[in-house]
Amino acid sequence: MAPPGPAGAHSASAEPLSRSIFRKFLLMLCSLLTSLYVFYCLAERCQTLSGPVVGLSGGDEEAGAPGRGVLAGGPREMAVWPAEGQRKRLLQLRQWRRRRRPPGRDGGEEAAWEEETPSLAGGPGGSGAGSSVAEAPPGTLELLLDEGSKQLPQAIIIGVKKGGTRALLEFLRVHPDVRAVGAEPHFFDRSYDKGLAWYRDLMPRTLDGQITMEKTPSYFVTREAPARISAMSKDTKLIVVVRDPVTRAISDYTQTLSKRPDIPTFESLTFKNRTAGLIDTSWSAIQIGIYAKHLEHWLRHFPIGQMLFVSGERLISDPAGELGRVQDFLGLKRIITDKHFYFNKTKGFPCLKKAEGSSKPHCLGKTKGRTHPEIDREVVQRLRDFYRPFNLKFYQMTGHDFGWDG
Ligand SMILES: Nc1ncnc2c1ncn2[C@@H]1O[C@H](COP(=O)(O)OS(=O)(=O)O)[C@@H](OP(=O)(O)O)[C@H]1O
């Protein structure tokens, strides 16, 4: 065979050289990409695991305990994040989520926390505080799912319907140590058979020192609710927002009227027999306002000191004052003050200067603060007379004159 010419010799030596350079380059690129991928995964995993596994879900005494973290071999500072750090990160995340809400979702927002009785009783995947995982920023999905742990509520706003319960809950949510379900769980009245695990799962995650709350105004008039809540925990703090029962009844009626405009007049529903002046106490709008009767059932299971009665009227005229009492009752630092509120003339109600996690002023939606229909004065007076003895009893029981009777 003839030896290869110069041209052939050149290609034979150059080809393996370029191939080996190319292989090395490929190898380097691969290892670079692999390390980038590993690094990325590690970072994600650390975020996911550090909070709940190490610090919270297994109980707080485990936080920071050496060697207890799942991140064995991982960076120690990740495994022992202090609760304060977690809290800040969670708060930042909550703020981020609030900010992310598109402007067009204001109506949806209202459905979640401003509708009259948005309920979670139909299923756990409702519009509660923890329902917006889809909005999580990339890489923080795990953080959102795993940070903190779900607790049964330590405090519940149990009533009363149309008393101002939504306003109270939304004002309280401004407090960094309060976490609440947005919608009404209706567990102790409609969904008790679903069990406490189901109920707890509805709750937002909390960090050490934060209070879990919910509000379902119908609990106050549910016969089984006191025993059931006491069975969950005897220490549950109960908050009742009460309002003049006559105005409350009209507000209740106004709500029903807005949904079913064909219902009879308030005046005709009020009486069993109008000429005899016999009030129909079986009508729920009337029945709910007999606060003293309902309270008797609660006092069989809870000491009065474990209940706080918030004036629905003062919640409007002096929200900061009422919120001060509520924060004291819950053992919270008084963070919500008059600096947080302004009076919105158009709305006719106090609103938040900044809603939780937002920089914008926020009023409750249009289902709160509706214009009530004009009710026959004589009927209003009859109702005032009807409620007076019950109100006086209620003032005695609570040790507080709410001033509904002149
Ligand atoms: N800040 C603020 N903004 C708007 N509305 C306020 C506020 N504070 C108290 N209220 C009063 O709350 C009443 C509704 O009560 P609830 O939230 O308990 O209603 S519900 O039972 O959840 O449907 C609602 O009743 P209506 O006025 O009859 O609509 C309001 O009077």
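The values are calculated or read from the model by the stated rules, or taken from the named source; none is laboratory data. Keep in mind the model is a prediction, meaning the values are calculated, not measured. Every residue, glycine as well, gets a Cβ built from its backbone with ideal geometry; the counts of neighbours run over all protein chains shown.
Answer with yes or no whether residue 265 is more than 15 Å from the ligand (Cβ to nearest atom), at pLDDT 95 or above and of a type in the set (Val, Ile, Thr). So residue 265 passes the test.
When residue 322 is tested against the conditions (1) within 15 Å of the ligand (Cβ to nearest atom); (2) surrounded by fewer than 15 Cβ atoms within 10 Å (Cβ to Cβ); (3) not in a strand (DSSP E or B), the lone failure is (2). Pairs are defined by a Cβ separation below 9 Å, a sequence spacing of at least 6 or placement on different chains, a first member in the range 359-371 that is within 12 Å of residue 254 (Cβ to Cβ), and a second member that is in a strand (DSSP E or B); the pairs so defined are 368/349; 369/349.
Any chance the range 368-388 includes a residue that's over 21 Å from residue 245 (Cα atoms), touching a strand residue (DSSP E or B) at 6+ places or on another chain (Cβ under 9 Å) and within 12 Å of the ligand (Cβ to nearest atom)? Scanning the range 368-388, I find no residue that is over 21 Å from residue 245 (Cα atoms), touching a strand residue (DSSP E or B) at 6+ places or on another chain (Cβ under 9 Å) and within 12 Å of the ligand (Cβ to nearest atom), so the answer is no. Which of the residues belonging to the range 389-406 are assigned to a helix (DSSP H, G or I) and closer than 14 Å to residue 247 by Cβ? Across the range 389-406, the qualifying residue is only 391.
Filtered by the rule that a residue be within 16 Å of the ligand (Cβ to nearest atom), surrounded by fewer than 17 Cβ atoms within 10 Å (Cβ to Cβ) and either within 22 Å of the chain's Cα centre (by Cα) or part of a loop (DSSP other than H, G, I, E, B) (or both), the range 227-262 gives a lone residue, 260. Would you call residue 286 hydrophobic (A, V, I, L, M, F, W, C), closer than 19 Å to residue 250 by Cβ, in a helix (DSSP H, G or I) and under 28 Å from the mean Cα position of the chain (by Cα)? Considered against the rule, which asks whether it is hydrophobic (A, V, I, L, M, F, W, C), closer than 19 Å to residue 250 by Cβ, in a helix (DSSP H, G or I) and under 28 Å from the mean Cα position of the chain (by Cα), residue 286 comes out as no. Within the range 256-307, the residues that satisfy the criterion of being farther than 27 Å from residue 401 by Cβ and among the aliphatic types (A, V, I, L, M) are 257, 263, 269, 276, 278.
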